[in-house]
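First the structure, in the form of structure tokens, and then the observations on it.
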Amino acid sequence: MQAEFARALGDRSDKAAVPKLVELARAGSGSASKAALQALVLLVDDSQVGLMVRFVVEAKTDTARADADEALNSACHQIQTRRGKVNTQPVVDGLATGATEARIALLPVCSGLIDPSIRTALRAAVAAQDPQVRAAAIRALCDTFDPALLPDVVKIACGAPEENFRTLAIRTCVRVTTQEETIKLSVKEQIEPLKTILATTLSADQKRVVLAGLAEIPDSAALTLA
């Protein structure tokens, strides 16, 4: 019943319902809390990103944290679509002060955000001593749409001791340099990361990924390198 009530409040698109939805998200049953979070996605604005982050940081169970993380990610996407940018400071603060579980949950949200403070937070997390945080940060970095983070991805592709992370980063470099229509790079900016990767020791599968990327670049320099 509470879940249906939460969905009804969200469908009305009435921002006056936010306090009630917040109450349900905090104190309702599992289904009611999740429904309230999903309704909040449709109603919160930039000033309330911190509220959504707190749901992640304060979650008591893995399920609650996952629901809150999904809602935060969707809310950031909605706000970014409407305004062209998102207030990222609450996410950065959560990454700096949250418990390990909260940091791991917040890192994937960073993949869809393009902001200098998010870049700094991701780089710090990649360098973290905690292996779980580092792994989550590398995965978030490899899901990025931010071309300014391409050098960081190349560094993982060339130097990470874990082959799975190297392969993931190599695929990301190919995606960012050749497959994302929203990312505009010069031919040199496309080729140089792939050239750098080819200069390292690669498995046959990793080499094939890079060569497939070069095949997407219509330039004689890419052909020569291939």
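Descriptive notes on the structure:
- Residue that is farthest from residue 170 (Cα to Cα), among those in the range 96-143 that are polar (S, T, N, Q) and touching a helix residue (DSSP H, G or I) at 6+ places or on another chain (Cβ under 7 Å): 100
- Of all residues in the range 41-66, those satisfying the criterion of being open to solvent by less than 30 Å² (accessible area, probe 1.4 Å) and either touching a strand residue (DSSP E or B) at 6+ places or on another chain (Cβ under 7 Å) or closer than 21 Å to residue 93 by Cα (or both) are 41, 44, 49, 50, 51, 52, 53, 55, 56, 59.
- Listed by position, the helices (runs of 4 or more DSSP H) contained in the range 156-226 that have at least 3 residues being under 18 Å from the mean Cα position of the chain (by Cα), within 30 Å of residue 131 (Cα to Cα) and free of Cβ contacts under 8 Å to residues at least 12 places away in the same chain form an empty set.
- Subset of the range 137-151 [in a helix (DSSP H, G or I) and open to solvent by 40 Å² or more (accessible area, probe 1.4 Å)]: 139, 147, 148, 151
- In the set (1) without any contact (Cβ under 8 Å) to a residue 24 or more places away in the chain; (2) closer than 22 Å to residue 193 by Cα, the condition left unmet by residue 142 is number (1).
The rows are residues; the columns are (1) modelled with pLDDT of 95 or more; (2) aliphatic (A, V, I, L, M).
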| site | (1), (2) |
| --- | --- |
| 81 | no, no |
| 97 | no, no |
| 104 | yes, yes |
| 108 | yes, no |
| 113 | no, yes |
| 123 | yes, no |
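- Qualifying residue in the range 180-190 (condition: among the basic types (Lys, Arg) and at pLDDT 95 or above): no
- Residue count for the range 20-58, restricted to those that are in a helix (DSSP H, G or I) and at pLDDT below 80: 10.
- Of the candidates 211, 194, the single residue that is open to solvent by less than 50 Å² (accessible area, probe 1.4 Å) and among the aliphatic types (A, V, I, L, M) is 194.
- Taking the conditions (1) open to solvent by 60 Å² or more (accessible area, probe 1.4 Å); (2) under 24 Å from residue 168 (Cβ atoms); (3) of a type outside the set (S, T, N, Q); (4) not in a helix (DSSP H, G or I) in turn, residue 85 satisfies each one other than (2).
- Close contacts from the range 99-118, counting a first residue that is within 16 Å of residue 65 (Cα to Cα) and open to solvent by less than 50 Å² (accessible area, probe 1.4 Å) and a second that is in a loop (DSSP other than H, G, I, E, B) and acidic (Asp, Glu), with Cβ to Cβ under 8 Å and a gap of 6+ residues or different chains, come to 100/130.
The values are calculated or read from the model by the stated rules, or taken from the named source; none is laboratory data. Owing to the predicted nature of the structure, the values given are computational and were not obtained by experimental measurement. Cβ: placed from backbone, ideal geometry, glycine included. Neighbour counts: every protein chain shown. Calculation scope for accessible area: heavy atoms of the full protein, side chains included, ligands and nucleic acids excluded. Shrake-Rupley method; radii C 1.70, N 1.55, O 1.52, S 1.80 Å.
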